[in-house]
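Each remark here refers to the structure printed beneath this line.
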Amino acid sequence: MVDKALIERAAELVDTAEVLVITAGAGMGVDSGLPDFRGNQGFWQAYPPYARLGLSFVECANPQHFQDDPSFGWGFYGHRTNLYRDTVPHSGFGIIKSWIEKKTAPYFVVTSNVDGQFQKAGFADDRILEVHGSIHWLQCLSPCSNSIWPNNEQIPVDPVTMRAGQIPRCPRCNGVSRPNILMFGDWSWLPDRTHQQEQRMQQFLDEHGDKKIVVIEMGAGTAIPTIRATSERLGWRHDGATVIRINIREPEIAAPHVGLVCGALEGLQQINALLR
Ligand SMILES: [Zn+2]
């Protein structure tokens, strides 16, 4: 049960915000039915074949597999490509969009998710920073150049073996390609696209940083703290910026910021119910 006074405070913040910054971690996707990779049990529940192999998320999300056994590497990422293409963003995305449209507020999205769900929900591509890259872009594994290209591949994956029936190739050298995602133990991720997004975010803050910013953070845990750190930096560095942290497990944040103990969709719905 979320504290009613905190929901009221959050609604007042959204109501009076001049600028919205949306920050999202893995918990944002849970309400769209996406698996929670938190802890081995959550990961293995979503991917029983990896439980049989005794491989954790960290071990699966390693670029070495593309080198050693591309069909295995692409099994995991091909499956996720297909999953994210098929996923419909939950209605919380639409609630945030309705606030942006009603207020005509400038906004920026920062997400650690590689699933492309904000673009799919209709947020502008040039208003999104994907700090770990995107599964919808590919690069050469070597890499033989700094090019990245859209992931238009069809990648069938055997759900029992988690092996891909098709290996996406680099159009330049015909070597194996890989998603343009920052993985664990990753020395060959090409960060240019994310760096360009970071520059757009910085321009956005240069332009709007002195206005009344409200940061709405959803489903960002402490295990991989990039998103929480981003929210907190915005909250403390900019006068008049306030963070609304929506998190079912780790809602802690010092006042004047607001922590709501609930999932992303529930928090957004409860705030929305109080807005005129
Ligand atoms: Zn290449």
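The values are calculated or read from the model by the stated rules, or taken from the named source; none is laboratory data. Only a predicted model underlies this, so the values are computations on that prediction, with no experimental measurement involved. Every residue, glycine as well, gets a Cβ built from its backbone with ideal geometry; the counts of neighbours run over all protein chains shown. For the accessible areas, the whole protein counts, side chains as well, though only heavy atoms, and no ligand, DNA or RNA atoms are used. Shrake-Rupley method; radii C 1.70, N 1.55, O 1.52, S 1.80 Å.
Scanning segment 157-193 for residues that are more than 14 Å from the ligand (Cβ to nearest atom), part of a loop (DSSP other than H, G, I, E, B) and within 24 Å of the chain's Cα centre (by Cα) turns up Met162, Leu182, Met183, Phe184, Gly185, Asp186, Trp187, Trp189, Pro191. Could you tell me whether Gly175 is of a type outside the set (Val, Ile, Thr), open to solvent by less than 40 Å² (accessible area, probe 1.4 Å) and modelled with pLDDT under 95? When the stated conditions are applied, Gly175 does not pass them. Just one of the numbered conditions (1) open to solvent by less than 30 Å² (accessible area, probe 1.4 Å); (2) within 16 Å of the ligand (Cβ to nearest atom); (3) in contact with a Gly (Cβ under 8 Å, 6 or more places away or on another chain) is not true of Gln117: (2).
Just so you know, in segment 134-144 the residues that are out of contact with any helix residue (DSSP H, G or I) (no Cβ under 8 Å at 6 or more places or on another chain) and open to solvent by less than 30 Å² (accessible area, probe 1.4 Å) include one that is nearest to the ligand (Cβ to nearest atom), and it is Cys140.
Step by step: first the residues of segment 18-58, then only those that are more than 20 Å from Pro225 (Cα to Cα) and among the acidic types (Asp, Glu), then the one that is least open to solvent (accessible area, probe 1.4 Å). Which residue is that? Checked segment 18-58; the qualifying residue least open to solvent (accessible area, probe 1.4 Å) is Asp31. With respect to the conditions (1) assigned to a helix (DSSP H, G or I); (2) open to solvent by less than 40 Å² (accessible area, probe 1.4 Å); (3) over 20 Å from Ala220 (Cα atoms), Asp15 falls short on a single one, namely (2).
Of everything in segment 227-253 that's open to solvent by 60 Å² or more (accessible area, probe 1.4 Å) and of a type outside the set (Val, Ile, Thr), which residue is nearest to Asp15 (Cα to Cα)?
Once the filter is applied, the top-ranked residue is Asp239.
Pairs meeting the criteria (first residue in segment 103-115 and more than 13 Å from Val19 (Cβ to Cβ) and in contact (Cβ under 8 Å) with a residue 12 or more places away in the chain, second residue part of a loop (DSSP other than H, G, I, E, B) and open to solvent by 20 Å² or more (accessible area, probe 1.4 Å), beta carbons under 6 Å, at least 6 apart or on different chains) are Ser112/Val131; Ser112/His132; Val114/His132. Filtered by the rule that a residue be part of a loop (DSSP other than H, G, I, E, B), farther than 28 Å from Glu59 by Cα and either touching a Ser or Thr at 6+ places or on another chain (Cβ under 8 Å) or within 16 Å of the ligand (Cβ to nearest atom) (or both), segment 194-228 gives a lone residue, Lys212.
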